[in-house]
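Below you'll find the structure, written out as structure tokens, and then a few comments.
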Amino acid sequence: MTVATLQKKQKEMHEKIYNHAFNKGLIKQKPFLEPIYDGVADIPAYLNSSPKIMWILKEPYNEFTANGNPKGGGWYFTEHFKNQDVWKDLEMWKLMIQINFAIRNNLKWRELDFIADNPEMAEELKKTAYINLSKMPGPTVSSDEHLWECYNNWKEIILEQIKLYSPNIIIFGYTFKFLKEDLKITDKPIATVSGNWNSDAYKKDGIIFIDAYHPSRKGGENGSHDYVTSIVNAVRKLL
């Protein structure tokens with residue numbers, strides 16, 4: 001797919017997300033509530049990356065009302081990744097950068113803690129496809145029941161996004177169970193990396209699927225090391 005084609009199709013996908021939310025009655029004015037658009041920040045870099053990596057996480061959040069209900073949206077999550085210091089905002093961004101960079105450059109954990117001194121590492125999120133189960137602002141903590149509702153509401157668009165971006169590797173941040181049946185993955189994992197943060201690796205139709213914990217669950221420095229290493233090693237077993 002050419003850069004121009006994917007740019008056009010991503011714009012159309014964002015319009016589809018808005019229309020879906022509008023038709024479902026999810027868009028509100030008081031309090032203001034609109035989708036937060038996911039996808040790829042730097043499409044030329046994504047298409048030139050090898051392997052192409054997609055993360056599927058839970059749901060974004062923006063602001064909250066006085067009663068604690070989600071509000072906000074109407075912006076593009078991918079724009080957030082154009083800030084080279086985004087990895088300083090949340091530990092999970094740093095972990096995702098480290099994982100992607102390690103996979104693409106065959107590196108080990110001890111070589112991954114220098115993002116501030118390595119602008120190339122900070123570019124990782126820009127050339128990654130980032131997809132959420134829900135496209136609407138949500139709570140900071142989500143129950144499985146709520147996430148199943150989100151997935152059932154958005155699954156046609158999510159499956160279309162996977163097809164559109166055609167990744168080589170999909171890393172699921174505690175979201176694999178929601179998509180497993182629709183992706184028709186029925187076999188047992190080909191490989192499992194055991195430890196504090198287990199990761200299961202599957203492969204179907206040339207795509208590597210990694211069933212992992214959410215990157216916000218890290219448990220300190222040792223936990224971060226175990227989390228990054230488990231996913232990277234799981235991918236390498238199938239490359």
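Just so you know, all these numbers are worked out from the coordinates, no wet-lab data involved. Predicted, not measured: the structure shown is a model, and the values here were computed from it. Note that each Cβ is placed from the backbone with ideal geometry, even for glycine, and that neighbours are counted across all protein chains shown.
Summary of values
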item: Relative contact order (percent, whole number), region 3-236, Cα cutoff 8 Å, 6+ residue spacing; result: 23 percent
item: Euclidean distance of C-alpha centroids, region 86-136 and region 38-67, integer Å; result: 12 Å
item: Antiparallel content of DSSP bridges confined to the chain, in %, to 5; result: 45 percent
item: Most to least packed among 31-38, 188-195, 46-53 [average Cβ atoms within 10 Å]; result: 31-38, 46-53, 188-195
item: Per-selection metrics, region 26-86 (Cα): Rg and Dmax in Å; result: 14.6, 45
item: GNM top mover of Asn198, Asn168, Asn118 - the chain, alpha-carbon springs below 10 Å; result: Asn118
item: Residues whose placed amide H lies under 5 Å from that of Lys203, excluding near-sequence neighbours; result: Ile190, Phe209
item: Order of Tyr76, Tyr165 - criterion: other Cβ atoms within 10 Å of each residue's Cβ, fewest first; result: Tyr76, Tyr165
item: Charge sum, other residues only, whose C-beta stays under 11 Å from Lys135's C-beta, Lys/Arg counted +1 and Asp/Glu -1; result: -1
item: Assigned charges on the beta-carbon of Lys, Arg, Asp, Glu; the chain dipole about Cα centre (debye); result: 460 debye
item: Largest to smallest principal axis extent of the C-alpha atoms in region 124-210, angstrom; result: 34, 31, 29
item: Cα-centre dipole for region 31-141 with unit charges at Cβ (Lys and Arg positive, Asp and Glu negative), debye to 20; result: 300 debye
item: From phi via Karplus (6.51, -1.76, 1.60), per-residue ³J(HN,Hα) for region 16-31 in Hz, x at Gly/Pro; result: 5, 4, 4, 4, 4, 5, 5, 5, 8, x, 8, 7, 9, 9, 9, x
item: Two-site FRET efficiency, Asn196 against Glu15, from Cβ-Cβ distance with R₀ of 30 Å, rounded to 0.05; result: 0.10
item: Contour minus Cα-Cα distance for Lys237 and Phe32 (0.36 nm per residue); result: 69.2 nm
item: Against the rule of thumb 2.2 N^0.38 Å, how large the Cα Rg of the chain comes out; result: 0.98
item: Region 144-190 shape via C-alpha gyration tensor axes, a/c threshold 1.5; result: oblate
item: Rg to Rh, two decimals, where region 1-132 supplies the alpha carbon set and Rh follows Kirkwood; result: 1.02
